Amino acid sequence: MCFMPVLTVSFSEIDIHFARFMKRLAGLSSQDLYFASALVSRATGEGHVCLNLADMAEKSFVIDTCVDSEEYTAPPLEQWEEILLSSNVAGRPGDYRPLVIDDSHRLYLYRYWEYERVLADSISMRASGTVKDIDFNKLREGISLLFPSTDDRETNWQRIAAFVSVMKRLCIITGGPGTGKSTVIAKVLALILMQNKNVRIGLAAPTGKAAVRMEQAIRHVKEDLCVPDTIKDAILSRTNTVHRLLGSISGSPYFQHNTENPLDLDILVLDEASMVDLPLMSKLVQAIPTRCRFIILGDKDQLASVEPGSVLGDMCGGKTEPGFSDDLCRAYSQITGDKMPVARLRPDMPSIGDCVVELRKTYRFGPESGIGYVSRLIKDGQGKSSIDVLKDKHHTDVNWKPLPVPDRLPIELKARIVDGYRQLAEASDPIEALKQLEHFTILCALRQGPYGVLAINRIAEEILYSEGLIDKKGGWYHGRPVMITKNDYNIGLFNGDIGIVFSDHKGNSDLGAFFMMSDGSVRKIPVSRLPVHETVYAITVHKSQGSEFDRVVLVLPDRFSSVITRELIYTAITRSRGYLEIWGDERCFVEGVKGRIKRVSGLRDALWVASGNEKTVV
């Protein structure tokens, strides 16, 4: 006899309250409606955009709630959908109901269905549009000047990305660290300004740290461009966070700029797009004028956003090979004289296929780089081979260290912490201290537990205090690094912003928290006014996105957790510019590299599925 496995799921108080509300609103006592509502609420809480009913139908569950547990077996799929649709709280796409069921058996909360629909429509519309009034002679001259041909016969993906950015109203440029995304975007803006010096440009990133890095990179690249100073001056390097760009409204999820009040821009460049969740991306595209080019940068292999959705991954995800349409290949050859040595897109593929370019050559890590080698192995799911490289003394920029037991952790970490944070503690001014924060960090997969950020931050403070490098009496002290963990629109600090507590007297009086703004200036906030925050000698891998450090120590837990995935480990590794050390258990590491983040959404299908086919390239 074959027995169906019983799945154990836990519901939060929010899940339970929502499910009860749906029952009351429907005026039904249906357990099938109750559990479908609780499951979809739980799914969005875990980062999914929707719930795939087909995956849950006819399965048996043990439901853990805040009070007790109970058993539930879901009905067959068609019967379950019929039960839900017969209520007044669920409907088909286009119906104004709290729950929406689409033709692919995906159950949404209405607001997430709306976010996804708006985003898919906007991206598809932009992908199908080309830019008019291009001066092809100027484009030919500009590409030749900024992306000169080489003799190595290697495909110049930066040149292709620049060409697509000029020709199309949408361009998605993805690539790992050091592939030249910042270089490309500075040159792209120069190419566009050669066409029209009066275009209005906006630059944005999801966090303050990412905005600062983008601004600094563009400012550095543009100074070396072989273009007139008038073009250099017009390449804006002032970068906003997405929230600041849209104009946050205190106490509201809405923004000043929206469909009725769009941004006054001709070009918008969004960096670190993997960090942008579905609701924020949907609100952003609603605020972009129809005429505006949208250029998106990011690494599709990094962790997805903390909030629901994996937007960048979904936008890139349907393109499994670097193919382009015949028309685009022909135009590229006519302008550049090069041929795209890639497969052609199927004639019936959506136009987004011409808008995604992956940069494949890394300029940061040379052929002998252990960091570059390990990051490629992780992307390919080769955990055991990655450990072998980490242990190989031939690669001096990487190292593997067996994870010590919790009692030994302070002793083992002491040398790293003192060496890594001494210069931070001895910094003479806030600007120097903020720069020192980029030299070293400890990354953790978890917040809780002996190997989580909370425990390791306590260890770091005790070690630095015992060495006389900080005076942590009272909680606030000179040299304390802090990260904002909740948006504060009144003060203008946002989740992920990192600052340093500093006093001109190097004592614990007259303390202020200093934050680097996107324009390079430093802003002082009284510590009494800081939004919700935490100490960050150690930070989670999720919170490290958008940052880079000279040296990174990654501390993984001693037992496997579903949090440990290929994307998390890859993201942690690629935060390091110079030296990487991983402390972990080999079996847990290998198991983690096997795991992939799979978030349920309909965005990929909405953008990529054409004529009933998902395969993109022939």
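The values are calculated or read from the model by the stated rules, or taken from the named source; none is laboratory data. Computed from a predicted model, the values in this text were never measured in an experiment. Every residue, glycine among them, receives a Cβ derived from its backbone with ideal geometry; neighbour counts consider all protein chains shown. The accessibility values were calculated without ligands, DNA or RNA, using every heavy atom of the protein model including side chains. Shrake-Rupley method; radii C 1.70, N 1.55, O 1.52, S 1.80 Å.
Can you list the HN-Hα couplings for segment 216-231, worked out from phi with the Karplus curve (6.51, -1.76, 1.60; θ = phi - 60°), rounded to whole Hz and with x for Gly and Pro?
5, 5, 5, 4, 5, 5, 5, 5, 9, 6, 8, 9, x, 4, 5, 6
Using Cα pairs under 8 angstrom and six or more residues apart, how large is the relative contact order of the chain, in percent? All intermediate terms of the calculation are to be shown ahead of the outcome.
Working: 1193 pairs, mean separation 90.7, N = 618.
For the chain, the relative contact order is 15 percent.
Probe radius 1.4 Å, ligands and nucleic acids ignored: give me the carbon and sulfur share of the accessible area of segment 9-107 as a rounded percent.
47
Please sort by residue number the trypsin sites (Lys or Arg not before Pro) in segment 328-410 whose DSSP state is loop and whose Cβ has at most 16 other Cβ atoms within 10 Å. Provide the component values of the computation, followed by the final result.
Numbers: sites: R330, K339, R344, R360, K361, R364, R376, K379, K384, K391, K393, R408; in loops: K339, R360, K361, R364, K393.
When the trypsin sites (Lys or Arg not before Pro) of segment 328-410 are filtered for loop state and at most 16 Cβ neighbours within 10 Å, K339, R360, K361, R364, K393 remain.
Loop only per DSSP, at most 16 neighbouring Cβ atoms within 10 Å: give me the trypsin sites (Lys or Arg not before Pro) in segment 100-170, ordered by residue number.
Details: sites: R106, R111, R117, R126, K132, K138, R140, R153, R159, K168, R169; in loops: K132, R153, R169.
Passing both the DSSP loop test and the Cβ count: K132, R153.
With loop defined by DSSP as not H, G, I, E or B, and exposure as at most 13 other Cβ atoms within 10 Å, which is the longest segment of the chain clear of exposed GluC sites (Glu not before Pro)? Don't jump to the answer; show the numbers that get you there.
Values: sites that count: E46, E58, E154, E260, E368, E426, E614.
Longest run free of exposed loop sites: 427-613.
Can you spot the aspartates and glutamates whose alpha carbon is less than 14 Å from K361's alpha carbon? Ignore those fewer than 8 places along the same chain.
Qualifying aspartates and glutamates at Cα under 14 Å: D152, E154, D299.
In Å², and per residue, what accessible area does segment 334-406 have when probed at 1.4 Å with the other protein chains present?
Numbers: 3750 Å² over 73 residues.
Result: 51 Å² of accessible area for each residue.
Starting from the Cα of M125, step 7 Å toward the Cβ, then list every residue of segment 242-286 with an amide N under 15 Å from that point.
What the label zone holds, given the 15 Å backbone N cut-off, is 258-263, 282-286.
Could you state the number of Å between the C-alpha centres of segment 297-314 and segment 108-134?
17
Which peptide among 439-445, 568-574 comes first, and what is the full order, when sorted by highest mean count of other Cβ atoms within 10 Å? Mind showing how you got there, number by number?
Values: 439-445: 24.0, 568-574: 25.6.
Peptide ranking by packing, descending: 568-574, 439-445.
Over segment 527-618, with the other protein chains present, what is the accessible area per residue in square angstrom, probe 1.4 angstrom?
Details: 3610 Å² over 92 residues.
About 39 Å² of surface per residue is accessible.
Could you work out the relative contact order of segment 1-148, using alpha carbon pairs under 8 angstrom and six or more residues apart, expressed as a whole percent?
Details: 177 pairs, mean separation 30.0, N = 148.
Taking the mean separation of contacting Cα pairs over the length of segment 1-148, I get 20 percent.
Explain nothing, just the number: dipole magnitude of the chain about its Cα centre with +1 on each Lys and Arg Cβ and -1 on each Asp and Glu Cβ, in debye rounded to the nearest 20. Please report the intermediate quantities before stating the final value.
Values: 75 positive and 79 negative charges, 201 e Å.
Roughly 960 debye for the chain.
Kirkwood-based Rg over Rh for segment 495-611 (C-alpha set), two decimals?
On the way: Rg = 19.4 Å, Rh = 17.6 Å.
Rg/Rh: 1.10.
If you roll a 1.4 Å probe over segment 124-182 with all protein chains in place, what percent of the accessible area is carbon or sulfur?
Numbers: 1210 of 2610 Å².
Reported share for carbon and sulfur atoms: 47 percent.
In whole percent, how big is the carbon plus sulfur part of the accessible area of segment 365-444, probe 1.4 Å, protein atoms only? The partial results should precede the final answer.
Numbers: 1930 of 3800 Å².
Percent of accessible area from carbon and sulfur atoms in segment 365-444: 51.
Need one number: convex hull volume per residue for segment 373-416, Cα atoms only, in Å³.
Details: hull volume 4.1 nm³, N = 44.
Spelled out: Cα convex hull of segment 373-416, divided by residues, is 93 Å³.
Let me know the shape class of segment 220-362, please: from the alpha-carbon gyration tensor, a ≥ b ≥ c as square roots of the eigenvalues, rounded when a/c is under 1.5, otherwise prolate if a/b is greater than b/c, or oblate. Before the final figure, lay out each step's value.
Numbers: a/c = 1.89, a/b = 1.31, b/c = 1.44.
Judged from the Cα gyration tensor, segment 220-362 comes out oblate (a/c at least 1.5, b/c at or above a/b).
May I ask for the Kirkwood hydrodynamic radius of the chain, worked out over all distinct Cα pairs and given in angstroms to one decimal?
Taking every pair of different Cα atoms in the chain, averaging 1/r and inverting gives 26.2 Å.
Taking the alpha carbon gyration tensor of segment 246-314, what are the square roots of 5 times its eigenvalues, largest first, to the nearest whole Å? Working shown, then result.
Working: eigenvalues 90, 52, 14 Å².
That gives 21, 16, 8 Å for the three semi-axes.
Tell me the per residue accessible area of segment 169-306 using a 1.4 Å probe; a whole number in Å² is fine. Numbers along the way, then the final one.
Numbers: 4640 Å² over 138 residues.
Per residue, segment 169-306 has an accessible area of 34 Å².
Give me P(r) over segment 1-112, computed from all C-alpha to C-alpha distances, binned every 10 Å, as integer percentages.
With a bin width of 10 Å, the distribution comes to 15, 51, 30, 4, 0.
So if each residue of separation counts as 0.36 nm, and I subtract the Cα-Cα distance between T230 and N258, what length gain in nm does that give?
Numbers: separation 28, 0.36 × 28 = 10.08 nm, distance 3.20 nm.
6.9 nm is the gain from fully extending T230 to N258.
How high is the FRET efficiency between K59 and E141 when r is their beta carbon distance and R₀ equals 60 Å, given to the nearest 0.05? Working shown, then result.
Working: r = 62 Å, r/R0 = 1.03.
Calculated value: 0.45.
Using alpha carbon coordinates only, what is the Rg to Rh ratio of segment 391-451, with Rh defined as the Kirkwood radius? Numbers along the way, then the final one.
Numbers: Rg = 14.5 Å, Rh = 14.0 Å.
Over the Cα atoms of segment 391-451, Rg/Rh equals 1.04.
Based on alpha-carbon atoms only, what is the radius of gyration of segment 415-486 relative to the globular estimate 2.2 N^0.38 Å?
On the way: Rg = 12.2 Å, N = 72, 2.2 N^0.38 = 11.2 Å.
The value comes to 1.09.
Work out from phi, with θ = phi - 60° and the Karplus expression 6.51 cos²θ - 1.76 cosθ + 1.60, the ³J(HN,Hα) of each residue of segment 572-577, listed in order in whole Hz, and give x for Gly and Pro.
Working through the residues one at a time gives 4, 4, 7, 7, 8, 8 Hz.
Based on the alpha-carbon gyration tensor of segment 377-530 and its eigenvalue square roots a ≥ b ≥ c, which shape applies: rounded if a/c is under 1.5, prolate if not and a/b is larger than b/c, or oblate?
Details: a/c = 2.03, a/b = 1.62, b/c = 1.25.
Prolate, because a/c is 1.5 or more and a/b exceeds b/c.
In whole Hz, what ³J(HN,Hα) sequence does segment 367-380 give by Karplus (6.51, -1.76, 1.60; θ = phi - 60°), x for Gly and Pro?
Listing the rounded values in order: x, 8, 6, x, 4, x, 5, 5, 4, 5, 5, 5, 4, 8 Hz.
Determine, at each q value in 0.19, 0.26 (inverse angstroms), the log₁₀ of I(q)/I(0) that the Debye formula gives when each Cα of segment 451-517 is one equal point scatterer.
Debye curve over Cα of segment 451-517, log10 I(q)/I(0) at q = 0.19, 0.26 Å⁻¹: -0.84, -1.17.
By how many nm would the segment from R364 to K435 lengthen if fully extended, with 0.36 nm per residue of separation less the alpha-carbon distance? All intermediate terms of the calculation are to be shown ahead of the outcome.
Working: separation 71, 0.36 × 71 = 25.56 nm, distance 2.02 nm.
So the extension gain works out to 23.5 nm.
T179: accessible area at probe 1.4 Å, nearest 10 Å²?
For T179, solvent-accessible area is about 10 Å².
Hey, any idea what Rg/Rh is for segment 57-206, computing Rh the Kirkwood way over Cα pairs? Walk me through the intermediate numbers first.
Details: Rg = 24.9 Å, Rh = 20.3 Å.
Checking Rg against Rh, the ratio lands at 1.22.
Would you mind computing Rg(Cα) / (2.2 N^0.38 Å) for segment 325-399, counting N as its residues?
1.63
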